Amino acid sequence: MLMMLGAASQWILAAAAAAAVAALLWLAVSTLEWAWWTPRRLERALRAQGIRGNRYRLFTGDVPENVRLNREARKKPLPLGCHDIIPRVLPMFSKAVEEHGKPSFTWFGPTPRVMISDPESIREVMSNKFGHYGKPKPTRLGKLLASGVVSYEGEKWAKHRRILNPAFHHEKIKRMLPVFSNCCTEMVTRWENSMSIEGMSEVDVWPEFQNLTGDVISKTAFGSSYEEGRRIFQLQAESAERIILAFRTIFIPGYWFLPTKNNRRLREIEREVSKLLRGIIGKRERAIKNGETSNGDLLGLLVESNMRESNGKAELGMTTDEIIEECKLFYFAGMETTSVLLTWTLIVLSMHPEWQERAREEVLHHFGRTTPDYDSLSRLKIVTMILYEVLRLYPPVVFLTRRTYKEMELGGIKYPAEVTLMLPILFIHHDPDIWGKDAGEFNPGRFADGISNATKYQTSFFPFGWGPRICIGQNFALLEAKMAICTILQRFSFELSPSYIHAPFTVITLHPQHGAQIKLKKI
C-alpha cells in the first residue's frame, strides 16, 4: 500500500512539474510573440511599403528615448512670442519626421505608431464609416484616470453616446450659464480684492483656471453634491500626475502588481473616487425615483436619460460602474480642456495686446459691464476667432490615436492589422502647407469667415476631434471659455509678468511648465 501511495505521489508531482513546464513554455512563447515576433513582422511590413522609422528596441520601444528627449526639451524654454512649440512639446515625433519624413513610425513599447499627416487620410480614419479604425485598447493606467464613452467601440459606444446626448443638448447647457457666470464672478472678485492701492496685482492664472473649471464642473455635474465633487477633482488631478510617472514603467511585465508607493496611491485614489461617485449616484437615483427633479445638473440628466433608455431593463442602460466612469470623464475632460484653453488664451493675448484690445472693445460693445447673456455670447466674432486661433496653436490634446483591426489601405499605403495610427493635431495645426507661411504666427483673422473657410481641408482643424466621435462637450467648453474671457476683459487689462517663462509641455494635456504669471490692471 505504501509503495502504491508513493508511486501515486510521484506521478502527481511529475504531472504538476510537466504542467508547470508547459505553462512556462506557453508564457515564454506568448511573450516572444508579443515582444519580438509581432513587432518585427509589423516593422518589415511597414518598411516594405516605403515607410521609414525608428529601429525597434525589445519591450520598451522608444519610451526611454521619449523620456530622455522630453527631459532635455523641458530644460530649454522658448522665446516670448514664439508659437513654434512642436520641437519642445513633442520632441521625439519632431525628430522622427526630421529624420524619416512623412509618414514615419516610432514605437510605443512593442506597438508601431505611424504618424499620419495627410488631412484627407485623417478624415478617412476619423469618419470610420465601416468601423475599421478603432480606439487603441485602453491601458490599465489609462482606465484609472477615465474611460467611459471616449474608449468604447461599436454598440456599447453608440448606447452610451445616445444616453449622454440629452445632457449636452444646447438648451441644457444654456441653462448652466448662470453657474458659469457666478463662478467667473467669484474668481475675478477675488482677484480685485487682492489688488494693491494702485489697482495692480500679479496672478498665476494656471491654478486659478484649474480651480475655476473644477468649480464649474463640480456644480454643473453634481449640483448639491458640489463639495464631494471638489474632492473628486482634487483626487483626479493627483491621479493624472501619478499616471504620467507610471507610464515610464508601463512595459515592464508585472510592474503594475508591485506594491510601489505610486501603485498603492493610484489604487487608493481609484477606490476613493469610485466610493464618492457611487454614493452621489445612489442618492440621485433614489431622489429621481421618489419624484424629485434633477435640477438640470449633468449627473441628474444622465441618470434620467439612463432610466428612460433602460425602461426597467438593466441590460438596455448603463450600470452604476459605467455611470461612474462617465462621471470621471466629465471631470477630467470638462475641467482640463477649458482650463488649458483659458490659460493659453490669456498668455497669448498678453503677448498680442492689439488683439486683447479688439476683444475688449467687442465685449464692452455687447455687454458693457453687465453679465453676458447666451444669445450675445454666441454672436461674439472676435472673441470666437481668438479662441479658435489659440486652439490651433495650443490644442489641449496634441494628438489622437486609432488602431487598424485588419489590413487597410490609406493614402496609397497598406497598413497591417494591429498598427497604431497617430493623428498629430499639433503638427496639422502648425503645418505651413495647410495654413500658409504664417502658420507659426498668431493670426485670429484666418477664422474671420469661420472654420470651414479657414483652410480647404475639413480636418485641418480638429482640437475636439472630428466625425462621429467628436467631443460631446465641446459646446460646454467653448461657452464656459467665452464667459470667463468676457468677465476678465470687462474688468482688467493684462500683460505677462517678468517672471513668466514660456514653456509649454504635456501632462496628458498641454500645460505651462512653470505656471502662467500675469500682471493684472483694473480698468
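Only the coordinates and a few stated rules stand behind these numbers; no lab work does. Keep in mind that this is a model prediction, so the values were computed, not measured. Counting neighbours? That spans all protein chains shown, and the Cβs are built from the backbone with ideal geometry, glycine included.
Taking each residue as 0.36 nm, the span from ALA18 to ILE523 lengthens on full extension beyond its C-alpha to C-alpha distance by 173.6 nm.
Run the numbers on the chain and let me know its relative contact order in percent, using alpha-carbon pairs under 8 Å that are six or more apart.
That works out to 23 percent.
Taking 23 Å as the straight-line reach from the Cα of LYS519, the lysines in range (excluding those fewer than 8 positions away in the same chain) are LYS482.
Going out from 0 in 10 Å bins, what whole percent of all Cα-Cα distances in the stretch 182-248 drops into each bin? Cα pair-distance distribution for the stretch 182-248, in percent: 19, 37, 28, 14, 2. Remark on PHE505: its backbone amide H falls under 5 Å from those of HIS511, GLN513, a criterion applied only to residues 5 or more positions apart or on other chains, H modelled at 1.01 Å from N.
In the chain, helical runs assigned H by DSSP with n ≥ 4 each contribute -39500 (n - 2.57); averaged across all residues and rounded to the nearest 500, the mean residue ellipticity at 222 nm is -17500 deg cm²/dmol. Sparse packing (at most 13 other Cβ atoms within 10 Å of the Cβ) combined with a DSSP loop state is found for the following chymotrypsin sites (Phe, Trp or Tyr not before Pro) in the stretch 61-156: PHE130. Each Lys and Arg contributes +1 and each Asp and Glu -1, all at the Cβ; summed about the Cα centre of the chain, the dipole is approximately 1220 debye.
Of the trypsin sites (Lys or Arg not before Pro) found in the stretch 451-490, those that fall in a DSSP loop while having at most 11 other beta-carbon atoms within 10 Å are LYS456.
Max-minus-min Cα coordinates of the chain on each principal axis give 99, 62, 45 Å, with the largest extent listed first. Exceedance of the 20 Å cut-off in Cα-Cα distance is limited, within the set LYS102/LYS143; LYS102/LYS414; LYS283/LYS328, to LYS102/LYS143. Annotation: for a label point projected 7 angstrom from Cα along Cα→Cβ of HIS170, residues of the stretch 473-503 with backbone N closer than 17 Å are 473-483. Here the 3J(HN,Hα) profile of the stretch 459-464, calculated from phi with Karplus coefficients 6.51, -1.76 and 1.60 at θ = phi - 60°, is 9, 8, 9, 8, x, 10 Hz, Gly and Pro shown as x. The share of alpha-carbon pairs in the stretch 439-483 lying farther apart than 14 Å comes to 63%. Evaluated at q = 0.11, 0.19, 0.22 Å⁻¹, the base-10 log of the normalised Debye intensity for the stretch 411-523, with identical point scatterers placed on the Cα atoms, takes the values -0.57, -1.44, -1.47.
When each full DSSP H helix of the chain is screened for a Cα extent of at least 20 Å along its own axis and an average Kyte-Doolittle hydropathy of at least 0.5, the helices passing are 2-32, 320-351, 474-491.
Could you give the length gained by full extension between TYR457 and LYS137, i.e. 0.36 nm per residue of separation minus their alpha carbon distance, to one decimal place?
So the chain would gain 112.3 nm between TYR457 and LYS137.
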